[in-house]
Every structure is written in structure tokens, then in C-alpha cells.
Amino acid sequence: MRRVEDRPVTTLDERAPGWSPRAARARFRAGLTGPTAGVAAGHTQANLIAVPADWAYDMLLFCQRNPKPCPVLDVTDAGSATTVLAEGADLRTDLPRYRVWRDGELVAEPTDARPHWRGDLVAFLLGCSFTFEWALSRAGVPIRHVEQGRNVPMYVTGRPCRPAGRLSGPMVVSMRPVPPERLGAAIRESGLLPAVHGGPVHCGDPAALGIADLGRPDFGDPVVMEEGDIPVFWACGVTPQAAVTASRPPFAITHAPGQMFLTDARDEQYRLVGVG
């Protein structure tokens, strides 16, 4: 998958953790852009991919076969821009930035997807690892990209997803540096939230995932690691975008990496209970 340079990060308002999801969506609808890590504390964030209806079964099957990178939270009816996850929200306007794809090529990155939306699109909302960052933080795990005002780094791996119909492609991962003494907490806390990617897929040497240089993420921004930090990798909801590039469906709309949909759902709704 070819590298696509992301725009410079726009640090969101320092009050963003206290915004309600509805308030955050209103700000994005009005034109605010930037990574959504740290926005609307305690609420579930979601990746977006919308494909033509005749590709929807392939996408649903791809998600079912690859639940770590593609955990499904909701699927819309064809043409609908609404979701049960956020009352009154519009999937065409309420994300900070979108990506528009034609035949596997990125052709636009609008902040308003209405001019591109089609009546045959089926939208998939997939769990996002930004959701479990609040649990990590409560457990004492530093969130380096938030501390540094950067987007989380994301990498295309050499690990293939299980193909489904016409869709195939590599898994994408996000990376968070974790101090060794907090590694157990990071694995435990994220593992209790499988609907938003769950526990890591790898800890340590990035070469085991086919990643040559942590300083050159395929999406997002490089993050400075503190001495002793271990790179920890989680499956990432940008994976369907890698499948779009590899499989070349005629059309798709996705979120821009790191710029997610804020749902009204609380994190606790997806947290496993009676475990640990």
C-alpha cells in the first residue's frame, strides 16, 4: 500500500475531553478538524467505511473474518447517513475529515462528504482503539501521542487479513509506546474491550510485523518514545482502507486516519464484565 502523507496535526481544544459527543460532532460539522484522541472522555469512537451495496456483503464478511481490526458496531441501511449509535448525527458531516476512494485510489479528503455520498452506500462503523485509551490512562499507562499533541502512528503490516469475496489486504496496526512496568495493565485493560480491537496483536520488535521504521508511519505521526518504552501494536480500523487500496472497489468513503466518529455510546457498554 503506498504511503499517503497526512496533513499536519491540528491540536484540538484543550477542553475537548469534556465535550459531549453531540458537542464534538457539532464542532466537526462546523469545520473543526484534527485527531479525535482525547475527545469526549468516556465515549466510544468509531471508524467509518461506506461501500456500494453490491460490495456490502463482501465488507461484512471481511469484518466477520477479521474481527480484531474490523469489530463491527453498526451497519446502516443502503443510502442512510444515520446510526443508532448517535441520535441526530449525520455520517456525511459529523467526522472531522473523510477520504473518498475511486477504484482503490484516494481522490479527495473533504470535511463534508455530502457532495460525494451516494444513495447505494452502506456504512460500517467499526470500533476504534481511541476508546480504550481512557482505561489505559486510568491504569497509569501514558498515552504518548496525546501527551505530544500528535496523531497516533499507524503502520501497514506484512500480516495478511483473511480474504472475503473480492476484498483482501494487509492488517494495519496502531502503536503506543508503553513502559515495561505498565505493559500488563495495557494488555489487561484493552483486552476487556474486544469491541474496540481488544488486546494487542504484538509487543516488541516491529520487524516481526514487517515494519521497517517506527519513525515513518504510513498514517498519523511518529511518536517520541521514552527510554525503556516497549512498542505495543493494536489492530487498527484503517485496515479496510488498506483492503480498498488492494482490492480496488469502484467507490468508497472512509474516515481520515485518526479522525473518528464520536458516538453517544459509553465505553462501559462494550467492556467485558466478570473478567479479571
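The values are calculated or read from the model by the stated rules, or taken from the named source; none is laboratory data. Because the structure is a prediction, the values reported are computed rather than measured. When we count neighbours, we look across all protein chains shown, and the Cβ atoms used for this are built from the backbone with ideal geometry, even at glycine. Accessible surface areas use protein heavy atoms only, side chains included; no ligands, DNA or RNA. Shrake-Rupley method; radii C 1.70, N 1.55, O 1.52, S 1.80 Å.
Taking every residue in region 203-225 that is in the same structural domain as residue 171 (by the TED database) and farther than 14 Å from residue 174 by Cβ and pairing it with any residue that is open to solvent by 50 Å² or more (accessible area, probe 1.4 Å) and charged (D, E, K, R), at least 6 positions away or on another chain, the pairs with Cβ-Cβ distances below 8 Å are 210/159; 216/3.
Exactly one residue among 22, 27, 114, 118 is in a helix (DSSP H, G or I) and more than 24 Å from residue 195 (Cβ to Cβ), and that residue is 27. Consider residue 112 carefully, then state whether it is more than 22 Å from residue 239 (Cβ to Cβ), open to solvent by 50 Å² or more (accessible area, probe 1.4 Å) and among the charged types (D, E, K, R). In short, no.
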